[in-house]
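Step one of this worksheet: look at the structure below.
The values are calculated or read from the model by the stated rules, or taken from the named source; none is laboratory data. Remember, predicted model here, so these are calculated numbers, not experimental data. Backbone-built Cβ (ideal geometry, glycine too); neighbour counts: all protein chains shown. We work out accessible area using only protein heavy atoms, side chains counted, and drop any ligands, DNA or RNA first. Shrake-Rupley method; radii C 1.70, N 1.55, O 1.52, S 1.80 Å.
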Amino acid sequence: MNAADALLRFDTAIGDGAERLVRAHHRRRLRSLGWEHALDPAPGGWPAGDPPPRPGCALEVLIDGEEALPRIAEELPRAESHVHIAGWYFTPRFRLGDAVLRELLAELAERVDVRVLVWAGAPLPLFHPSRAEVRDMREELTRGTRIQCALDDRERPLHCHHEKLVVVDDRVAFVGGIDLTDFGGDRADTHDHPARGRLGWHDAATRLEGPVVADVADHFALRWREVTGAALPRPEPPAPTGELEVQAVRTVPERIYRAVPRGEFRILKAYVRALRSARRLVYLESQFLWSPELVEILADKLRRPPDDAFRLVVLLPARPKDGGDDTRGQLGVLAEADAGAGRLLACTLYQRGGERAQPVYVHAKIGIVDDEWLTVGSANLNEHSLFNDTELNIVCRDPALVRETRLRLWAEHLDRPPGEVAGDPTDVVDTIWKPLADEQLERRRSSAPLTHKLVRLPGVSRRSRRLLGPLQGFVVDG
């Protein structure tokens, strides 16, 4: 055995040990809370618990700011009773199409209740947004208006309140990954992601009608009551307005809200059920991929594929804000599990065009399994979102909607009409995704200009990078 092989074997042993420690730590924590079942659900189906799946709903998946922001701006002025908005951070001057957030909400607040709930910011100014930055933002947003804005500082140490939602009159809701801010990047990007001299942004949200809206509204009301002490009227479930069954699932860590003392971890449970049930396709878009629980399931699928046609496709940012080495390390784990079989493809996006082209930041949080299961929300595939931040996701199991959403996403990323990517998913991955992504990676390596948005993420060894995700999760998980 040469020195390189010995080092790799040592790193592998250390990495495997660290991941076992983190998984055991999470299991002990959930067991103490009565939530160990989130790690051991049966494959497939809905995650049990309250709220259950709601029939009679309508759901639209809105891809990129180009689709989502105008729809939110269109719905807000229709409010007759109230507007409730929760997010990680807001920019008062943020534009939703022709409207500016502060002016739009200030005008609304003259005739309806406008409540904005935002994370209070990082307690230490080493991280952003800081408490002081968020207080300044609130002052700018509310000064001279009737807008009510509450700052939620009931976070676990080193974590935050991360969900993004808008509720209008408990009649319609938007849930997804899009923050109404230009902090860290401009969310108002288009499907083409043209070069524009600044970071591109790929994201997604859902527009909801029907009984599930009451579950979203109830979640906002719980948080508002915990933070302000003011109880809001319990939302009445809207009448059925569609034909879909839709479920709201969330992460709420323990001991931050009196109403949920043992926390809630149903986003984790939903993902575990869905990934364990996968037969032919797992397609994931996420800002991060370093949950050892989910990576373990995916690695097992690659080592022992349930079908020869099984493919795992992940779309990630080229340079995430943090945790980049963690994600790349876990991709190394998956690459090793794949062992050259070609079932795994990890890609990222770049803007189109010339010297001004920048990366496209993949901020969407989307999961698709076998064209039968779909989730869209605020939760990334890391310990923060699955165990420690407050998050809200929407789950749907309607095959027609799931397939339509996948084809829309694939058409965007592959620059093809939906009809050209509508064939067997395995064939599309092997004959369109892989050659295109590989070609663009080679162009980057040779410093040639890219001719396409889609680029394969290069493989990463199992060395110290692999350890960072589990170790960070262990340190900040508490």
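Return the total of residues in segment 304-354 being under 19 Å from the mean Cα position of the chain (by Cα) and at pLDDT below 90.
13
Can you work out which of the residues in segment 204-215 that are touching a Gly at 6+ places or on another chain (Cβ under 8 Å) and farther than 30 Å from GLY353 by Cα is surrounded by the most Cβ atoms within 10 Å (Cβ to Cβ)?
GLY210
Report, ordered by the first and then the second residue, all pairs with beta carbons closer than 7 Å, sequence separation of six or more or different chains, a first member in segment 444-467 that is modelled with pLDDT under 55 and in a helix (DSSP H, G or I), and a second member that is among the charged types (D, E, K, R) and open to solvent by 40 Å² or more (accessible area, probe 1.4 Å).
Pairs that qualify, where the first residue is modelled with pLDDT under 55 and in a helix (DSSP H, G or I) and the partner is among the charged types (D, E, K, R) and open to solvent by 40 Å² or more (accessible area, probe 1.4 Å), are ARG465/ASP325; ARG465/ARG328.
Test LEU436 against the criterion of being under 30 Å from ARG207 (Cβ atoms) and buried (at least 16 other Cβ atoms within 10 Å of the Cβ), and give yes or no. First the steps, then the outcome.
On the way: under 30 Å from ARG207 (Cβ atoms): no; buried (at least 16 other Cβ atoms within 10 Å of the Cβ): yes.
No; evaluated as a whole, the condition is false for this residue.
Any residue in segment 190-205 that's touching a residue at least 40 places away in the same chain (Cβ under 8 Å) and among the hydroxyl-bearing types (Ser, Thr, Tyr): show its pairings with residues that are open to solvent by 20 Å² or more (accessible area, probe 1.4 Å) and outside any loop (DSSP other than H, G, I, E, B) at Cβ separation under 7 Å, as long as the two are six or more apart or on different chains.
THR190/GLU66
Are any residues in segment 166-208 over 19 Å from the mean Cα position of the chain (by Cα), outside any loop (DSSP other than H, G, I, E, B) and more than 30 Å from PRO253 (Cβ to Cβ), and if so, which ones?
Listed by number, the list holds a single entry, PRO194.
Looking only at segment 142-155, count every residue that is closer than 20 Å to HIS384 by Cα, open to solvent by less than 40 Å² (accessible area, probe 1.4 Å) and modelled with pLDDT of 95 or more and tell me the total.
The initial filter retains those residues of segment 142-155 that are closer than 20 Å to HIS384 by Cα, namely 151-155.
From what is left, the residues that are open to solvent by less than 40 Å² (accessible area, probe 1.4 Å) are 151-152, 155.
Checking the rest, the ones that are also modelled with pLDDT of 95 or more come to 151-152.
The total comes to 2.
Does ASP218 meet the test of being part of a loop (DSSP other than H, G, I, E, B), open to solvent by 10 Å² or more (accessible area, probe 1.4 Å), more than 24 Å from ASN382 (Cβ to Cβ) and not polar (S, T, N, Q)? Explain how you work it out, then say what you get.
Numbers: part of a loop (DSSP other than H, G, I, E, B): no; open to solvent by 10 Å² or more (accessible area, probe 1.4 Å): yes; more than 24 Å from ASN382 (Cβ to Cβ): yes; not polar (S, T, N, Q): yes.
Answer is no for this residue.
With closer than 25 Å to ALA318 by Cβ and modelled with pLDDT of 95 or more as the only criterion, which of LEU294, LEU268, LEU289 stands out? Step through it out loud before you land on a result.
Numbers: LEU268 fails: closer than 25 Å to ALA318 by Cβ; LEU289 fails: modelled with pLDDT of 95 or more.
So the residue among LEU294, LEU268, LEU289 that is closer than 25 Å to ALA318 by Cβ and modelled with pLDDT of 95 or more is LEU294.
If you go through segment 129-144 one residue at a time, how many are in contact (Cβ under 8 Å) with a residue 24 or more places away in the chain and over 18 Å from VAL100 (Cα atoms)?
2
Working only within segment 369-391, note down all residues that are part of a strand (DSSP E or B), farther than 20 Å from GLU67 by Cα and open to solvent by less than 10 Å² (accessible area, probe 1.4 Å).
Those that are part of a strand (DSSP E or B), farther than 20 Å from GLU67 by Cα and open to solvent by less than 10 Å² (accessible area, probe 1.4 Å): VAL369, LEU381, THR390, GLU391.
Tell me, which residue of segment 406-443 that is touching a residue at least 60 places away in the same chain (Cβ under 8 Å) and within 17 Å of GLY353 (Cα to Cα) is farthest from the chain's Cα centre (by Cα)?
GLN440
Could you grab the pairs with beta carbons closer than 6 Å, sequence gap of 6+ or different chains, first residue in segment 47-75 and without any contact (Cβ under 8 Å) to a residue 60 or more places away in the chain, second one of a type in the set (Lys, Arg) and open to solvent by less than 20 Å² (accessible area, probe 1.4 Å)?
Partner pairs satisfying both residue conditions: none exist.
Which residue is least open to solvent (accessible area, probe 1.4 Å), if the candidates are limited to segment 166-203 and must be over 30 Å from PRO449 (Cα atoms) and acidic (Asp, Glu)?
So, considering only residues that are over 30 Å from PRO449 (Cα atoms) and acidic (Asp, Glu), the one least open to solvent (accessible area, probe 1.4 Å) is ASP179.
Within segment 313-320, can one find any residue that is more than 15 Å from ARG343 (Cα to Cα), out of contact with any helix residue (DSSP H, G or I) (no Cβ under 7 Å at 6 or more places or on another chain), free of Cβ contacts under 8 Å to residues at least 60 places away in the same chain and among the basic types (Lys, Arg)?
Filtering segment 313-320 for residues more than 15 Å from ARG343 (Cα to Cα) gives 316-320.
With out of contact with any helix residue (DSSP H, G or I) (no Cβ under 7 Å at 6 or more places or on another chain) added as a condition, the list becomes 317-319.
Pick out the ones that are also free of Cβ contacts under 8 Å to residues at least 60 places away in the same chain and you get 317, 319.
Filter once more, keeping what is among the basic types (Lys, Arg): 319.
Yes, segment 313-320 contains at least one residue that is more than 15 Å from ARG343 (Cα to Cα), out of contact with any helix residue (DSSP H, G or I) (no Cβ under 7 Å at 6 or more places or on another chain), free of Cβ contacts under 8 Å to residues at least 60 places away in the same chain and among the basic types (Lys, Arg).
Out of all the residues in segment 411-420, is one or more within 20 Å of THR206 (Cα to Cα), open to solvent by less than 30 Å² (accessible area, probe 1.4 Å) and hydrophobic (A, V, I, L, M, F, W, C)?
Within segment 411-420, one or more residues are within 20 Å of THR206 (Cα to Cα), open to solvent by less than 30 Å² (accessible area, probe 1.4 Å) and hydrophobic (A, V, I, L, M, F, W, C).
If you go through segment 96-136, how many residues are open to solvent by less than 30 Å² (accessible area, probe 1.4 Å), modelled with pLDDT of 95 or more, within 18 Å of LYS164 (Cβ to Cβ) and over 24 Å from the mean Cα position of the chain (by Cα)?
The number of residues fulfilling the criteria is 3.
Do we find a residue being buried (at least 22 other Cβ atoms within 10 Å of the Cβ), out of contact with any helix residue (DSSP H, G or I) (no Cβ under 6 Å at 6 or more places or on another chain) and touching a residue at least 60 places away in the same chain (Cβ under 8 Å) anywhere in segment 251-260? Spell out how you get there, then give the answer.
Narrowing segment 251-260 to residues buried (at least 22 other Cβ atoms within 10 Å of the Cβ): 251-253.
Add one more test, that the residue is out of contact with any helix residue (DSSP H, G or I) (no Cβ under 6 Å at 6 or more places or on another chain), and what stays is 252.
This time we only want the ones that are touching a residue at least 60 places away in the same chain (Cβ under 8 Å), so: 252.
Within segment 251-260 (the criterion being buried (at least 22 other Cβ atoms within 10 Å of the Cβ), out of contact with any helix residue (DSSP H, G or I) (no Cβ under 6 Å at 6 or more places or on another chain) and touching a residue at least 60 places away in the same chain (Cβ under 8 Å)), the answer is yes, since at least one residue qualifies.
Would you mind finding the one in ILE267, ILE297 that is open to solvent by 10 Å² or more (accessible area, probe 1.4 Å), closer than 30 Å to ASP338 by Cβ and not in a loop (DSSP other than H, G, I, E, B)?
On the way: ILE267 fails: open to solvent by 10 Å² or more (accessible area, probe 1.4 Å).
After applying the criteria, what remains is ILE297.
In segment 156-165, what residues are outside any loop (DSSP other than H, G, I, E, B) and either closer than 17 Å to TRP201 by Cα or open to solvent by 10 Å² or more (accessible area, probe 1.4 Å) (or both)?
First, pick out the residues of segment 156-165 that are outside any loop (DSSP other than H, G, I, E, B): 161, 164-165.
The answer is LYS164, and nothing else.
ASP424 fails exactly one of the following numbered conditions: (1) crowded, with 19+ Cβ neighbours inside 10 Å; (2) more than 30 Å from HIS26 (Cα to Cα); (3) modelled with pLDDT of 95 or more. What is the number of that condition?
Of the numbered conditions (1) crowded, with 19+ Cβ neighbours inside 10 Å; (2) more than 30 Å from HIS26 (Cα to Cα); (3) modelled with pLDDT of 95 or more, the odd one out for ASP424 is (1).
Based on what the data block shows, is VAL402 open to solvent by less than 10 Å² (accessible area, probe 1.4 Å), over 21 Å from ARG276 (Cα atoms) and hydrophobic (A, V, I, L, M, F, W, C)? Spell out the reasoning first.
Values: open to solvent by less than 10 Å² (accessible area, probe 1.4 Å): yes; over 21 Å from ARG276 (Cα atoms): no; hydrophobic (A, V, I, L, M, F, W, C): yes.
No; evaluated as a whole, the condition is false for this residue.
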